[in-house]
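Below is one structure, written out as structure tokens; the observations come after it.
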Amino acid sequence: MADTETPEEAFLRSMQAKNEQLAEGYNMTEGDGHNVIVGDESAQQIESSDEHDPAQDVPDMMVSSTLGQQAQISSFDSPADTTATASRPNSSTAVIDNAAVSSSAFPTASNTSDKITAQPSTPTIAVASIPAMSAKPLLATQKARLPNDLVGILEDRIKVDPKGDIDAWLSLITEFERRGKLEDARKAYQRFLEAFPLAGEQWAAFIQFETEADNRQGVQTLLNEALYKKGVSTLELWTAYLDYVRRYFNVLTDETGKASQVIHSAYKSAIDATGIDKDSGKLWQDYIDFIKSGPGTLGQQDWQSQRKMDLLREAYQEAISVPTQAVEALWKDYSAFENGLNKMTGRQLLQKKSADYMSARSSYTELQNITRELLRTTLPKLPPALGFEGDVEYMKQVDIWQRWIQWEKDDPLVLKDENNAAYRKRIIYVYRQALMTLTFWPEMWFDAAEFCFANDMVAEGDEILTQGSTHNPESSLLAFRRADRFEMTTTNGNDDRSKIQRGEKVCEPYNELLDTLYALVERAANREKQEIARIEAEFADLALQEDNAATKSDSDDDDDNDDGETHGKKLVEDKKQSQINALKAVSSIQITLLTKSISHAWIAMMQALQRMQGKGNTQAKKKTQQKDKADDKDKLEIGGSRQVLAKAHRRGHITSDVWLAAALLEFHTADTEAAKRVFARGWKVFPEDENFAVEYIKFLSTIDDHTNARVVFEQTVSKLTSKPETILKAKALFVFFHKYECMYGELAQIQKLEARMKEIFPDDPKIYAFSQRFTNNNFDPTAIRPIISPAAQARPKFIGVPHPPVMLTVEQPQSRQPSPPRNTIIPPLPIVNSPKRALEDSFDSDASRPRKLARGESPNPLAGAAGRRLISMRQGNQPTPVVIPNGTQPPLPPPLPRDITFLLSIIPPASTYDSVLFKPDAMVSLIRDTNIPSNIEQLPTSQRAGAPAAAGGYYR
């Protein structure tokens, strides 16, 4: 081998550098950010901008504009590529959902100014995952496919549902490979990994594909991209990496030993990355076998043999301290290794490491019990909506991953205090493995980031949050947490420009989230239109077929045929309308959920800008411009919180919560007049929103504007009760205002309001309205029933016992009870089950009787009161009732358990025992006063070393 370093060696050595594993990250360049300084500050200015531009509702969704960044495109070499900069026409446009963003885009050869656009697709996020009526929704521009056009059909499925239809992706790749279209298969792999960059299984499959195609440069580039740039660390990928290294660095033909060093370094990198995995036993064994195959002989004194011995001992000691499936076999090999070198030294070393081995072995057993039903796959799956197919299975996998992570946090290997770095590494590794499977589960990203922040790994925590938002751009949780991190880690400067820059930085996650949610709303609306068009087309074809059939048929009674045709058409029309209505209901649910998420994103942005920029100075600047334009050159416009409301109003798809939050924000920041204007404007925008009207009335009552509060109530109620479909919405207003009148109004007004409520809601009980005058959230005096007689009203319940018995002692006669004039009868003891078998309906047969232990020394096992009671129960006779004198009812004791009752019934009375009787007090005194020696030195000399005891033994 030549002394100069080959490209492969340079590549491998660059991959070994630790600082490149996480520092590579995502190679991004900054692009245009979002300018959040838009809109006006007051509700009056909002009124003047009522003209709503539909084009502004949902802007063009481009991945680069979503993140305010552009992907720096790099080249992916292939056998067909002659240069690293060869362009790939059309293939750079990713047919992916808007959730696929530039930071996770697979490198393709293109100009750096190109932007990766997202094609319209079906929304697949959790909040909008309720399926439409059709299992295969069609795009408006989708062409009809022939049945044998399998590739076209699969492409259409991917275009419709790029994140949810994993099977279509895999089938497309398989189909290209089956047909021998290597370049098409390569492009399909690239597109798949653009959408799912953490799918380690497909990275390994792509590497295997390039290996079989003998594309050495492609394999090298894929390994570098997957392991270091994307951070996909799986056993399968590292095994592929080791196979590549061992293939191109032949140890047998290496005379300089350079190949062995490269392979050994590759093994160390793989061990460092995945050696803590519970399934890494095979990797450890291969590593040890590689060391054994190296130069040197164990037991010899030359430097190569000594170095080999040191490497083996180090590898064994590391391997036996990791809970893997091969830990027992590795311990046996290690024991043989040490004993084969020197038994005395080996015994000492084995004894020193036995604790680590025992801990690893028991930990692996515990871990296997936790992960027994875990499906370890790196193909991500969208979480099914609750109540739909697959939700239970998905949540079960989430629970298993969480229990594994919690097991690591509990520190069964005792690493937290001794080796905190190893402790944190194990937990982060499990988080990373879980995120490959649960890529679309935002809570897992959040938990991983929070663990990093709590353990002084701030940079890695920020990276995890950014990755999570990249894969889940529709997640409010991750967007809010990222914005919160920006706000926590930055501060305002002394000038307005720093406030503006900080506000733009904090608003980036909110803007990305809003762009994604608005795009999903648009797509949900488009999908509804497409489905309605499909339903109408299907029923139109059905009607045409029926008309053709009716034209061909001959009938003698034309009138009957006309009536039948009319009835049939009506049934078909009703069926079509029912399907359309069901589709609209499902779409309405999806859009409602998205609208709520959009509204709360605006609210969160509004509150953040209020903390950083206050209300803004746009209005103050305009006044300054009118007075002195020259002085205005040095002033910057700060939007603040007020500009958020104007921006949200223009984009639309918001609820009244945004107006309510803006109004309350004004009120609680000492601007009551602005709050009144915002409330008034919001009431005009949402005149039939009962919740907003209630909050508006509360606000007016707080500022003692009772006249306007009544006006708002009357006008809102009049609108709601004028339409049958909104009458029920008025009930919340009536309930609130009735309570308000009861607390602060006149009795005449209260009675008038109650009469009105009775007229509108006749089914409500009259007592309800009356009782509401006197109740509050904690107490209702009209519903309280005081305890007059505890004996009659507070009798305890006995679950499973029809009548609570008063248990007497088993020896107490039942026939010697006094009989006072006024008696309280205690019912007999109920029948109970046997402790060994269930109680049968009858005791007549021997098989149905409870089993009893034979007592040969007792001639009559049923003697005494317990025996008589059992006989009476079996014969169905009722024992003599037990009465309590003076007519008083004592507190009833709780019933004994069934098994205890049966035991008492079969124990003979004390008079039958004629053996030695022990005195309990004497035995307790004996045990208490006995001096028990703590060691042998305290024993008498005669009793040491096994000396026979004296007469009576030690307990004389």
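Looking across the stretch 195-216, just one residue is over 24 Å from LYS163 (Cβ atoms), open to solvent by 30 Å² or more (accessible area, probe 1.4 Å), among the acidic types (Asp, Glu) and in a helix (DSSP H, G or I), and that is GLU212.
For (1) out of contact with any strand residue (DSSP E or B) (no Cβ under 7 Å at 6 or more places or on another chain); (2) open to solvent by 10 Å² or more (accessible area, probe 1.4 Å); (3) modelled with pLDDT under 95; (4) small (Gly, Ala, Ser), each residue gets a yes or a no:
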site	(1), (2), (3), (4)
LYS181	yes, yes, yes, no
ALA188	yes, no, no, yes
GLY218	yes, no, yes, yes
ALA259	yes, no, yes, yes
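When VAL232 is tested against (1) among the β-branched types (Val, Ile, Thr); (2) open to solvent by 10 Å² or more (accessible area, probe 1.4 Å); (3) assigned to a loop (DSSP other than H, G, I, E, B), exactly one condition is not met: (2). Considering each of ALA326, ALA355, ALA319 in turn, give the residue that is open to solvent by 50 Å² or more (accessible area, probe 1.4 Å) and modelled with pLDDT of 90 or more. Exactly one residue qualifies, and that residue is ALA355.
Results for (1) among the hydrophobic types (A, V, I, L, M, F, W, C); (2) buried (at least 17 other Cβ atoms within 10 Å of the Cβ); (3) over 29 Å from THR592 (Cα atoms), shown as yes or no for each residue.
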{"residue": "SER498", "(1), (2), (3)": "no, no, yes"}
{"residue": "CYS507", "(1), (2), (3)": "yes, yes, no"}
{"residue": "THR516", "(1), (2), (3)": "no, yes, no"}
{"residue": "ARG523", "(1), (2), (3)": "no, yes, no"}
{"residue": "ALA540", "(1), (2), (3)": "yes, no, yes"}
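Condition test on ILE598, is it at pLDDT 90 or above and in contact with a His (Cβ under 8 Å, 6 or more places away or on another chain)? Answer is yes for this residue. Looking only at residues of the stretch 364-390 that are of a type in the set (Ser, Thr, Tyr) and crowded, with 18+ Cβ neighbours inside 10 Å, we find that the one that is modelled with the highest pLDDT is TYR364. Considering only the stretch 573-584, I want to know if a residue exists there that is at pLDDT below 80, open to solvent by 70 Å² or more (accessible area, probe 1.4 Å) and part of a helix (DSSP H, G or I). No; the residues of the stretch 573-584 include none that is at pLDDT below 80, open to solvent by 70 Å² or more (accessible area, probe 1.4 Å) and part of a helix (DSSP H, G or I). The criterion of at least 2 residues that are touching a helix residue (DSSP H, G or I) at 6+ places or on another chain (Cβ under 9 Å) and under 24 Å from ASP780 (Cβ atoms) is met, among helices (runs of 4 or more DSSP H) falling completely within the stretch 658-768, by 690-702, 730-744, 747-760. Residue under question is GLY294, and the condition is that it be farther than 30 Å from THR437 by Cβ and either open to solvent by 20 Å² or more (accessible area, probe 1.4 Å) or part of a helix (DSSP H, G or I) (or both); does it hold? In short, yes. State whether one or more residues within the stretch 769-789 are touching a residue at least 24 places away in the same chain (Cβ under 8 Å) and under 22 Å from GLU695 (Cβ atoms). Scanning the stretch 769-789, I find at least one residue that is touching a residue at least 24 places away in the same chain (Cβ under 8 Å) and under 22 Å from GLU695 (Cβ atoms), so the answer is yes. Of all the residues in the stretch 672-682, those that are open to solvent by 40 Å² or more (accessible area, probe 1.4 Å) and not polar (S, T, N, Q) number 3. Across the stretch 720-767, what is the total count of residues that are loosely packed, with under 12 Cβ neighbours inside 10 Å and of a type in the set (Phe, Trp, Tyr)? Of the residues in the stretch 720-767, 1 are loosely packed, with under 12 Cβ neighbours inside 10 Å and of a type in the set (Phe, Trp, Tyr). In summary, THR775 fulfils each of the numbered conditions (1) open to solvent by 40 Å² or more (accessible area, probe 1.4 Å); (2) not in a helix (DSSP H, G or I) with the single exception of condition (1). Looking only at the stretch 452-473, filter to residues that are assigned to a helix (DSSP H, G or I) and hydrophobic (A, V, I, L, M, F, W, C); which one of those is nearest to LEU435 (Cα to Cα)? Per the criteria, the residue is ILE464.
The values are calculated or read from the model by the stated rules, or taken from the named source; none is laboratory data. Given the structure is predicted, the values throughout are model-derived calculations rather than measurements. All Cβ positions, glycine included, derive from the backbone under ideal geometry; neighbour counts span all protein chains shown. Just so you know, the surface numbers come from the protein's heavy atoms only, side chains and all, with ligands and any DNA or RNA stripped out. Shrake-Rupley method; radii C 1.70, N 1.55, O 1.52, S 1.80 Å.
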